[in-house]
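The values are calculated or read from the model by the stated rules, or taken from the named source; none is laboratory data. What you see is a predicted model; the values in this text were computed from it and never measured. Cβ placement follows ideal geometry from the backbone for every residue including glycine, while neighbour counts extend to all protein chains displayed. Heavy atoms of the whole protein, side chains included, go into the accessibility calculation; ligands, DNA and RNA do not. Shrake-Rupley method; radii C 1.70, N 1.55, O 1.52, S 1.80 Å.
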Amino acid sequence: MSGWPARALVVGASGGIGAALAAALEARGAAVTRLSRSADGLDVTDEASVAAHIGALGGFFDCIIIATGALVIDGAAPEKSIRAVTPDAMRRQFDLNTIGPAMVLKHAWPLIAREGRTVVAVLSARVGSIGDNRLGGWTSYRTAKAAVNQVVRTAAVELARSRRDAILVALHPGTVATRFTADYQDRYDTVPPDAAAANLLAVIDALTPRDTGGFFDWKGDPIPW
């Protein structure tokens, strides 16, 4: 989409997908603000950190992408069975994959203009779909992603009340070849980060306000809740 966005914010910009998205947006000519834990000390599991980093930003952004999250946290791999679920591992999944994006949305609200096209995209995962779950397993990660989808859906309803041109969606990028998915790439078709970024931006470009609150894959197809 030529000339759009003029100004973008990528949260989680040091990760494979986040970095690729930031680079792709910059290649379009967008002024991109990058935030991440490794480069800026942003800790999305700490609301005070989120408030400080997001609150230091001024003006409005045409595009906000929340690309934080992880499949394996502190060495806890996805569970193969409900019998392997532990409170600590599940709590960490919620802290990073659900509460973190929710806090970013909360504090980024003032950065969304009341008029004009703004897209806010939260990277989710197809395995967070309840209706699409046929394999089981990965209980903590699946549940945290299902929960962040609800955060997006609920926040989109609120956003539409005051910002009719804004769009808030959850997006599934596919299985992207990064160090976080290295142990699972032999089981799934993967794409490199730059290809994933191009796919996601093509979806974002095509979104309209009627799509707000939706959950879409990298091809732009709706994913069942």
Answer yes or no as to whether residue 196 is hydrophobic (A, V, I, L, M, F, W, C), open to solvent by less than 30 Å² (accessible area, probe 1.4 Å), part of a helix (DSSP H, G or I) and at pLDDT 95 or above. yes
Would you please name the residue that is farthest from the chain's Cα centre (by Cα), looking only at residues in the range 116-151 that are surrounded by fewer than 24 Cβ atoms within 10 Å (Cβ to Cβ) and of a type in the set (Lys, Arg)? 134
Taking the conditions exactly as written (within 16 Å of residue 166 (Cβ to Cβ) and either open to solvent by 40 Å² or more (accessible area, probe 1.4 Å) or part of a loop (DSSP other than H, G, I, E, B) (or both)), does residue 113 satisfy them or not? yes
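Residue-wise test of (1) surrounded by 15 or more Cβ atoms within 10 Å (Cβ to Cβ); (2) of a type outside the set (Val, Ile, Thr); (3) touching a Cys at 6+ places or on another chain (Cβ under 7 Å); (4) under 22 Å from residue 141 (Cα atoms).
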position	(1), (2), (3), (4)
20	yes, yes, no, no
48	no, yes, no, no
78	yes, yes, no, yes
88	no, yes, no, yes
97	yes, yes, no, yes
Just checking, does the range 53-60 include any residue being touching a Pro at 6+ places or on another chain (Cβ under 9 Å), without any contact (Cβ under 8 Å) to a residue 60 or more places away in the chain and not aliphatic (A, V, I, L, M)? yes
Quick one: in the range 6-51, which of the residues that are assigned to a strand (DSSP E or B) and hydrophobic (A, V, I, L, M, F, W, C) is farthest from residue 123 (Cα to Cα)? 31
Give me the residue from the range 1-18 that is more than 26 Å from residue 71 (Cα to Cα) and surrounded by fewer than 21 Cβ atoms within 10 Å (Cβ to Cβ) and, out of that set, nearest to the chain's Cα centre (by Cα). 7
Restricting attention to the range 52-91, the residues that are touching a Gly at 6+ places or on another chain (Cβ under 9 Å), part of a loop (DSSP other than H, G, I, E, B) and of a type in the set (A, V, I, L, M, F, W, C) number exactly 3
What number of residues within the range 210-225 are in a helix (DSSP H, G or I) and open to solvent by less than 60 Å² (accessible area, probe 1.4 Å)? 1
Scan the range 67-83 and report the pairs whose first residue is closer than 16 Å to residue 98 by Cβ and at pLDDT 95 or above and whose second residue is open to solvent by 30 Å² or more (accessible area, probe 1.4 Å) and assigned to a strand (DSSP E or B), with Cβ atoms within less than 8 Å and a gap of 6+ or a chain change. none
Name the residue, out of 24, 31, that is closer than 12 Å to residue 197 by Cα and open to solvent by 20 Å² or more (accessible area, probe 1.4 Å). 24
For the range 122-138, pairs from a residue that is under 14 Å from residue 220 (Cα atoms) to a residue that is among the charged types (D, E, K, R), with Cβ under 7 Å and 6 or more apart or across chains, are 124/145; 125/145; 126/132; 126/217
